[in-house]
Structure formats: structure tokens, C-alpha cells
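Here the structure is laid out as C-alpha cells; the discussion comes afterwards.
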Amino acid sequence: MKNKKTVIAISSFVAGIIVLIVGIVLLVLGLNKGPAVNDGEYLVEQENWTLENEDKVVWDFTEIGKGTLTTNGHKNDYEFKWAIEDGKLKIETDWLYELENEYEYSLDQSEGVLILKADDKEHKFVANQ
């Protein structure tokens with residue numbers, strides 16, 4: 001009987017040590033992970049976004065929900081409103097007339113790349129910091 005209690009006590013102690021080590025590892029990994037920034041905040045944090053191979057097309061997400069864009073190197077700038085809903089980037093531009101566009105998007109924060117997809121076309125924007 002005494003032997004059985006000793007085995008249970010040692011097993012409980014070892015299991016407790018293992019749980020403690022796993023907890024410490026997870027805590028350290030969580031603390032070293034840096035703060036995650038949501039997509040909307042990241043779009044605003046970057047100074048502007050340039051369409052790949054078209055340096056005159058620039059989008060600037062100035063604040064959550066607002067921005068400006070140009071298609072001709074800032075000869076004309078247009079204001080737009082934007083929102084991210086259900087994995088889509090919705091843009092309402094105050095152009096010569098009001099335009100409403102909706103894009104499926106993917107954002108690679110580590111590379112500073114925004115890819116917009118609509119109507120079988122893909123547009124790649126690069127962050128300019």
C-alpha cells in the first residue's frame with residue numbers, strides 16, 4: 001500500500017512539472033510574438049500603397065474608413081471611403097461620379113503586399129514606408 005502511494009505521488013509530481021514547463025514555454029512564446037495588427041490598422045500605418053508596375057497609381061489609407069487615391073501621379077487626387085467586411089475590401093470613390101468597388105483581398109503584412117481580386121483580375125499593391 002505504501003509503495004502504491006509513493007508511485008502516485010511521484011507520478012503526480014512529474015505530471016505537475018511537465019505542465020509547468022509547457023506553461024512556461026507557451027508564455028515565453030506568447031510574449032515574444034509581438035502584437036498582431038489587424039488588416040485595417042496595417043493599411044493605415046503604411047504611408048501609401050503603389051500598384052505594382054504602375055507607380056502613378058497610389059492609394060493612401062489615411063485613417064480607418066477614409067483615404068485618397070491617384071491614378072496620374074497626384075495630378076488629381078480623389079477621396080474614397082473604405083471598409084473591410086467578410087474578407088472583402090469595399091471602396092466607394094468620389095470620382096467624376098461615385099464608384100463602388102468590392103474586392104476579395106489578401107494582405108501579407110510581413111512583405112507589405114496587398115492583393116485585390118475582382119472580375120477575374122488581380123491587382124498587386126506594395127506598401128511604401
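In what sequence, largest accessible area first, do 28, 58 appear using a 1.4 Å probe?
Most to least solvent-accessible, the answer reads 28, 58.
Can you tell me the orientation of helix 2-32 relative to the chain, as the angle in degrees between its alpha-carbon axis and the longest Cα principal axis, to the nearest 10?
For helix 2-32, the angle is close to 20 degrees.
I want the local charge near residue 92. Using Cβ-Cβ distances under 12 Å, sum +1 for each Lys or Arg and -1 for each Asp or Glu among the other residues.
That sum, taken over residues with Cβ under 12 Å, equals -2.
Run the simple label-point estimate for residue 75 and residue 3 please: 7 Å along Cα→C-beta, distance reported in nm.
Once both label points are built, they end up 9.4 nm from each other.
Gaussian network model of the chain, Cα springs within a sub-10 Å range: biggest mean-square fluctuation belongs to which of 80, 61, 13?
Comparing 80, 61, 13 in a Gaussian network model of the chain, the most mobile one is 13.
Looking only at region 71-99, which residues have a backbone nitrogen under 20 Å from a spot 7 Å from the Cα of residue 106 in the C-beta direction?
Of the residues in region 71-99, 84-90 have backbone N under 20 Å from the label point off residue 106.
For P(r) over Cα pairs in 10 Å bins from 0, in percent, one of [x] 12, 41, 37, 9, 0; [y] 10, 21, 19, 19, 17, 12, 2; [z] 11, 32, 19, 9, 9, 8, 7, 4, 1 was computed from the structure I shared and the rest are decoys. Which label?
Structure-derived value, by its label: [z].
Enumerate the amide H contacts of residue 52 below 5 Å, restricted to partners 5 or more residues apart or on another chain; note that Pro and chain-start residues carry no placed amide H.
Placed amide hydrogens put 124, 125, 126 under 5 Å from residue 52.
Return the single residue from 20, 51, 107 with maximal mean-square fluctuation; model: Gaussian network over the chain, springs between Cα atoms under 10 Å.
Highest fluctuation among the options: 20.
Under a 10 Å cutoff between Cα atoms, tell me which one of 95, 49, 82 has the largest fluctuation in the Gaussian network model of the chain.
The residue with the greatest mean-square fluctuation here is 95.
What is the sum of charges around residue 118, taking Lys and Arg as +1, Asp and Glu as -1, for the other residues whose C-beta is under 9 Å from the C-beta of residue 118?
-3
The values are calculated or read from the model by the stated rules, or taken from the named source; none is laboratory data. As the structure is a prediction and not an experimental result, all values here were calculated from the model. Glycine also receives a Cβ, built like all others from the backbone with ideal geometry; neighbour counts cover every protein chain displayed. The protein model used for the area step is the full one, side chains on, heavy atoms only, and it has no ligands, DNA or RNA in it. Shrake-Rupley method; radii C 1.70, N 1.55, O 1.52, S 1.80 Å.
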